[in-house]
1. Number of Lys-Lys pairs in the chain under 29 Å by Cα, sequence gap 8 or more or different chains?
2. In 5 Å bins starting at 0, how do the alpha-carbon pair distances of region 2-100 split up by percent?
3. Obtain the nm distance between the two label points defined at Asn45 and Glu77 by a simple spin-label model: each point lies 7 Å from its Cα along the Cα-to-C-beta direction.
4. Kindly provide the helix-only [θ] at 222 nm of the chain, computed as the sum of -39,500 (n - 2.57) over DSSP H runs of four or more divided by all residues, to the nearest 500 deg cm²/dmol?
5. In nanometres, what is the gap between the two model label sites at Glu68 and Thr10, each 7 Å from Cα along Cα-to-Cβ?
6. DSSP loop chymotrypsin sites (Phe, Trp or Tyr not before Pro) in region 1-96 with at most 14 other Cβ atoms within 10 Å of their Cβ, which ones?
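Every number in this text was worked out from the coordinates using simple rules, so none of it is lab data. As the structure is a computational prediction, the values presented were derived from the model and not from experiment. Here the Cβ positions follow ideal geometry from the backbone for every residue, glycine too, while neighbour counts run over all protein chains shown.
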Amino acid sequence: MHRQKCNEDTTNIRAKTYAELRRKHWQYSNEELLETARLREDVDNIVRHDLKAPLNSIIGLPQIMMQEGEITEKQSEYRKNIEESGYRMLRMILNLWSEIF
């Protein structure tokens, strides 16, 4: 009888230990998921606000230059270069953003 009681106690202890280990594992996994979500949100904010917003201004500048009046051939080359580079950067940012999200 005593031996059976010891076996039951051992089984209960093992079950409780296993349950506690599983609970800690899930808690750790949840914390990692929350941290990953926070990092993704930070990257999203950086891409949206710190990269895309200024880039939109850069891309818009050549269009404003064309509306303001006549520009020299050299200025036209600069304008075209700025615009093309801006769109190239925007595509790179959007590709990076789509890979992350």
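1. Close lysine pairs found across the chain: 5.
2. Here the calculated profile for region 2-100 is 2, 11, 11, 11, 8, 7, 7, 5, 5, 5, 4, 4, 4, 3, 3, 2, 2, 2, 1, 1, 0.
3. 4.4
4. For the chain, the value works out to -31500 deg cm²/dmol.
5. For the pair Glu68/Thr10, the computed spacing is 8.7 nm.
6. Here no loop site has a sparse enough neighbourhood.
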